[in-house]
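Engineer: Have a look at this one.
The values are calculated or read from the model by the stated rules, or taken from the named source; none is laboratory data. The structure displayed is predicted, hence computed values, not measured ones. Cβ placement follows ideal geometry from the backbone for every residue including glycine, while neighbour counts extend to all protein chains displayed. Keep in mind that these areas ignore ligands, DNA and RNA; they rest on the heavy atoms of the full protein, side chains included. Shrake-Rupley method; radii C 1.70, N 1.55, O 1.52, S 1.80 Å.
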Amino acid sequence: MKLAKRLQSLMLGVSLMAAAASTWAVPDIDGGPAVNEITFQKPVTQIADQIYSLHNMMMIICLVIFVAVFGVMFYSIFKHRKSAGHKAATFHESTTVEILWTIVPFIIVIAMALPATRTVVAMKDTSDADLTIKVTGMQWKWGYQYLDGDAKGVNFLSQLATPRDQINETAAKGDNYLLEVDNEVVVPVNKKVRLVLTANDVIHSWTIQRFGVKQDAIPGFVRDTWFKAEQIGTYRGQCVELCGKEHAFMPIVVKVVSDADFKAWADGKQKELAAQADDPNKTWTIDELKQRGEKVFNTNCAACHQTNGKGVPGSFPALDGSPVVNGPKADQINVVLNGRNGKMPAWKGVLSPTEIAAAITYTRNSWSNKAAENIVQPAEVVAASK
Amino acid sequence: MSSTTVDHAHDHSHGHGHDDHHGAPHGWRRWLFATNHKDIGTLYLWFSFTMFLMGGVLALMIRTELFQPGLQFFNPEFFNQLTTMHGLMMVFGAIMPAFVGFANWMIPLQIGASDMAFARMNNFSFWLLPPAAILLAGSFFVPGGAPAAGWTIYAPLSTQMGMGMDMGIFALHIMGASSIMGSINIITTILNMRAPGMTLMKMPMFCWTWLITAYLLIAVMPVLAGAITMTLTDRHFGTTFFNAAGGGDPVMFQHIFWFFGHPEVYIMILPAFGIVSHVVPTFARKPLFGYASMVYATSSIAILSFIVWAHHMFTTGMPVTAQLFFMYATMLIAVPTGVKVFNWIATMWRGSMTFETPMLFAVGFIFVFTMGGFTGLILAVTPIDIQMQDTYYVVAHFHYVLVAGSLFAMFSGFYYWAPKWTGHMYNETSGKIHFWASIITFNITFFPMHFLGLAGMPRRIADYPAQFTDFNQIATIGAFGFGLSQVYFLFFVIIPTIRGGKQAEAKPWDGAEGLEWTVPSPAPFHTFEEPPEVK
């Protein structure tokens, strides 16, 4: 009795919680999942469209078989029961029937796989692309580099734009919660875009469901895939291969725009990059480096080492008070450039020499750190990279 | 005693003065030094039930965090530990040892053997498990926490972990050794110790499915050991098996892992097929339809299971021919699996059925497991799989086959054989409550996950876009219901059945067949000291 009462109040509590939570109205968002969507998101490429139809076909065939088979079973359950006075038959073999229900399913499964074959072949055909983009998965962001076309040379990092306080429940959640990034990938509509994917640290996986694309990004190897979006719009996905603690927080957003808009975007982006490009031979003051370094640190390093430099005991070492950070600068430059133990990623080629110099200078002068060699110039990083 | 094909009846209940030292030992010595297959079976079953409850608590913690978008209870590092450890504990701690427990109890009784072939090795293979479980559970308390790379421990994420991963690897090594020894024991027992007259094709289905499972285990557990040993040396001894910088390949880990992993899923379901193949004929009061084809279907599934592993890896990028090969091979598995389902239904057809709890769980198994089978067929189609890889659709699929499949079959087996084990009948009303509560809450938990996966929700994420909220809330509510149903099972079924209840007859089910029903309930400490004659 007592237990039953407790159970009741527990169930009441749970249902109240459910009611309270669902009062917050969530909108459908462009290019992401609809609220309570029960099937694939609406396709915008031919491949995704084929997959959508394949799935519908499979669902229908499976449902028909399911209803037929379990129709028989439930008929039997209701008719052939002892309480209904049914006497058991004794048959226990029939070679004809057995051959029949081996051959027929065999034909059905082959018939199911045949139409999929065409799609498999089409999905693997990455030839004759109009545009190639290199995608690099990193803990926990995506790097994009345009290898050819109007935007050749454009490269940027793309990471979660949702503020931390929304995740930690100290602020109301935005509409695009967890499906928004600071820099979107921009591609032209109706153009075959080839992606070549790799990763820096562990395996990640890049997907946009509406394109019918999902490809693992594998460290040390290159894989490719392609899509040809047929509708202008913004499309959203998330990293789908477990990649460590921030796995839930590395979304993918692709903006499909008209040709003209793509050219304009590419042009603007190239100019912006040219303006931003730091001359690695420039000599900086310590305050300039610290200021720049704080930004670099917070976007790239704080996920593991934390903004307070204390790290996560047991997983990620503290920089505050670290002998490497407070010791000779050559060691720290080496660790940042080349990584360590497979855990600390190599930043050479990911961040510019100026950014690396700034981040190192920042760590050497922050929290309780007062390193003797307290400033690192970009030129030293360039020298050490050689 | 009921009618029986055996003439020895229960000669052992008169004591056996000729071997005094074989009397049942008492106290802790009985369990620590156990060499009796029934005691070891009991140990296995209690061990696996304990792990099942622990893994279940982890699952409820996962569902609690996922009740709402945002991070409320656990940080993402810990969340990843929860998903990983839930998987490892359920697969290696709960399902596999539970089936070995069933095998220990039932195989000697079903083939008329006095015990398992290697009684002391049997003891050792059980007592390896608690240290492994302690390593596994203890990893939560070391710096860096438990393994957090998913139960598949894909490199190179697994090379990044703290020492918890090493403990996990050692635990897997030990459990693997235990499984291999268990399998050797089972194979030897089945092949050499069958009662006179029991040819292989007269053997009960549960023994057949376990024989095939044991071969699968011996074939693939060393493969897993290889994969995790390479992970271990990559982590500590500077090898680069899975590190491209040193000439290795991270995807090779996946190939090796799934070469183990896919037969592994059949290791977890074939004995379940065996149990259901006993329960359905018993309660339909009609012999199993197509016994021979059941044996061939089981063998075909086992053989095919070695050539489908890469369907877990369609998104890693492989040549188009490989994708097509693995798609077609995977689709083929549906054929023998279908044969089994048809055979069970043909067994029920024109029977004289009653629906005691074992039958309810068996029918529930057939119904819900088949849904998991169909989603498996859908996932086998490469383009669809690519769309669903690593989403909740996959989570729904394998919980339909592992919970509604393996677990429900084990519940069915428990209710079916508990009278033989305990000597008491369980309470039928309690059993029925357990069944209906389990099957309803199971579907509330896992059915919405199909929708989440189709809409694109990745698995193993601690936080999700708000569009997925409602289905996650339904799943969480269902999960707590399912968890409570299993607590009910412990306190209102298992314990009362052990403590007392209606005295069970030697053959409590009028439609049951087999040697296990020729010995009294509870089965005496020693059975079949004189082998029975099977006609």
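Engineer: Give, as residue ranges, the helices (runs of 4 or more DSSP H) completely inside region B:348-441 that count at least 1 residues that are of a type in the set (A, V, I, L, M), within 14 Å of chain A (Cβ to nearest Cβ) and out of contact with any Asp or Glu (no Cβ under 9 Å at 6 or more places or on another chain).
Structural biologist: Here the list reads B:357-380, B:382-388, B:392-401.
Engineer: Can you go through A:GLU37, A:GLU98, A:GLU93 and tell me which one is within 30 Å of A:VAL254 (Cα to Cα) and facing chain B (nearest Cβ under 7 Å)?
Structural biologist: Every option except A:GLU37 fails the conditions.
Engineer: Across region B:318-339, what is the total count of residues that are surrounded by fewer than 20 Cβ atoms within 10 Å (Cβ to Cβ) and more than 7 Å from every other protein chain (Cβ to nearest Cβ)?
Structural biologist: Selection size over region B:318-339: 6.
Engineer: Which residues, taken from region A:308-324, are touching a Pro at 6+ places or on another chain (Cβ under 6 Å) and of a type in the set (S, T, N, Q)?
Structural biologist: none
Engineer: Restricting region A:181-216 to residues that are more than 8 Å from every other protein chain (Cβ to nearest Cβ) and assigned to a helix (DSSP H, G or I), which is nearest to A:ASN155 (Cα to Cα)?
Structural biologist: Among those residues, the one meeting the criterion is A:PHE211.
Engineer: Residues in region B:245-254: is at least one out of contact with any Asp or Glu (no Cβ under 8 Å at 6 or more places or on another chain), polar (S, T, N, Q) and at negative phi?
Structural biologist: Scanning region B:245-254, I find at least one residue that is out of contact with any Asp or Glu (no Cβ under 8 Å at 6 or more places or on another chain), polar (S, T, N, Q) and at negative phi, so the answer is yes.
Engineer: Next question. Out of all the residues in region B:460-477, which are surrounded by fewer than 22 Cβ atoms within 10 Å (Cβ to Cβ) and either among the aliphatic types (A, V, I, L, M) or under 22 Å from the mean Cα position of the chain (by Cα) (or both)?
Structural biologist: Within region B:460-477, B:ILE474, B:ILE477 meet the criteria.
Engineer: When you scan region B:190-200, do you find a residue that is at pLDDT 95 or above, over 18 Å from B:ILE303 (Cα atoms), open to solvent by less than 20 Å² (accessible area, probe 1.4 Å) and part of a helix (DSSP H, G or I), even just one?
Structural biologist: Yes - at least one qualifying residue is present in region B:190-200.
Conditions (1) farther than 30 Å from B:ASN75 by Cβ; (2) out of contact with any strand residue (DSSP E or B) (no Cβ under 6 Å at 6 or more places or on another chain); (3) of a type in the set (A, V, I, L, M, F, W, C), marked per residue:
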site: A:PRO188; (1), (2), (3): yes, yes, no
site: A:ILE203; (1), (2), (3): no, no, yes
site: A:ASP216; (1), (2), (3): no, no, no
site: A:ASP224; (1), (2), (3): yes, no, no
site: A:VAL253; (1), (2), (3): no, no, yes
site: A:TRP265; (1), (2), (3): yes, no, yes
site: A:ALA275; (1), (2), (3): yes, yes, yes
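Engineer: Within region B:272-288, which residues are open to solvent by 10 Å² or more (accessible area, probe 1.4 Å) and closer than 17 Å to B:PRO336 by Cβ?
Structural biologist: The answer is B:LEU288, and nothing else.
Engineer: Within region B:295-306, take every residue that is within 14 Å of B:ALA334 (Cα to Cα) and hydrophobic (A, V, I, L, M, F, W, C) and give me the one that is most open to solvent (accessible area, probe 1.4 Å).
Structural biologist: B:ILE303
Engineer: If you don't mind, another one. Tell me, which residue of region B:249-271 that is within 14 Å of chain A (Cβ to nearest Cβ) and aliphatic (A, V, I, L, M) is least open to solvent (accessible area, probe 1.4 Å)?
Structural biologist: B:VAL251
Engineer: Filter region A:153-172 down to the residues that are free of Cβ contacts under 8 Å to residues at least 24 places away in the same chain and of a type outside the set (S, T, N, Q), then identify the one that is nearest to A:TRP265 (Cα to Cα).
Structural biologist: A:ALA161
This table checks each residue for (1) free of Cβ contacts under 8 Å to residues at least 40 places away in the same chain; (2) over 19 Å from B:ALA523 (Cα atoms); (3) open to solvent by less than 20 Å² (accessible area, probe 1.4 Å); (4) not polar (S, T, N, Q).
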residue: B:THR35; (1), (2), (3), (4): no, no, no, no
residue: B:LEU53; (1), (2), (3), (4): no, yes, no, yes
residue: B:ALA59; (1), (2), (3), (4): no, yes, no, yes
residue: B:ARG63; (1), (2), (3), (4): no, yes, yes, yes
residue: B:PHE79; (1), (2), (3), (4): no, yes, yes, yes
residue: B:LEU82; (1), (2), (3), (4): yes, yes, yes, yes
residue: B:MET106; (1), (2), (3), (4): no, no, yes, yes
residue: B:ILE111; (1), (2), (3), (4): no, no, yes, yes
residue: B:MET121; (1), (2), (3), (4): no, yes, no, yes
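Engineer: May I pose another question? Taking region B:478-506, which residues are under 21 Å from the mean Cα position of the chain (by Cα), closer than 30 Å to B:GLY456 by Cβ and among the hydrophobic types (A, V, I, L, M, F, W, C)?
Structural biologist: Across region B:478-506, the qualifying residues are B:ALA479, B:PHE482.
Engineer: Scan region A:137-154 for residues that are within 12 Å of A:VAL185 (Cβ to Cβ) and within 16 Å of the chain's Cα centre (by Cα) and jot them down.
Structural biologist: A:TRP142, A:GLY143, A:TYR144
Engineer: For region B:55-163, give me every one of the helices (runs of 4 or more DSSP H) that falls completely inside it and has 1 or more residues that are acidic (Asp, Glu).
Structural biologist: Of the helices (runs of 4 or more DSSP H) lying wholly inside region B:55-163, those with at least 1 residues that are acidic (Asp, Glu) span B:76-88.
Engineer: Hey, among the residues in region A:241-260 that are assigned to a helix (DSSP H, G or I) and touching a residue at least 12 places away in the same chain (Cβ under 8 Å), which one's farthest from the other protein chains (Cβ to nearest Cβ)?
Structural biologist: Checking each candidate, the answer is A:ASP259.
Engineer: Within region A:315-322, is there a residue that is out of contact with any Gly (no Cβ under 6 Å at 6 or more places or on another chain) and modelled with pLDDT of 85 or more?
Structural biologist: Yes: region A:315-322 contains one or more residues that are out of contact with any Gly (no Cβ under 6 Å at 6 or more places or on another chain) and modelled with pLDDT of 85 or more.
Engineer: Looking only at region A:217-238, count every residue that is within 26 Å of A:VAL336 (Cα to Cα) and either in a strand (DSSP E or B) or under 12 Å from the mean Cα position of the chain (by Cα) (or both) and tell me the total.
Structural biologist: Number satisfying all stated conditions: 2.
Engineer: Among residues belonging to region A:263-284 that are polar (S, T, N, Q) and assigned to a helix (DSSP H, G or I), point out the one that is surrounded by the fewest Cβ atoms within 10 Å (Cβ to Cβ).
Structural biologist: A:GLN276
Engineer: Would you be able to say whether some residue in region B:202-213 is hydrophobic (A, V, I, L, M, F, W, C) and open to solvent by 40 Å² or more (accessible area, probe 1.4 Å)?
Structural biologist: Scanning region B:202-213, I find no residue that is hydrophobic (A, V, I, L, M, F, W, C) and open to solvent by 40 Å² or more (accessible area, probe 1.4 Å), so the answer is no.
Engineer: From B:HIS434, B:HIS424, which residue is at pLDDT 95 or above and either open to solvent by 10 Å² or more (accessible area, probe 1.4 Å) or within 30 Å of A:ALA172 (Cα to Cα) (or both)?
Structural biologist: Answer to the check: B:HIS424.
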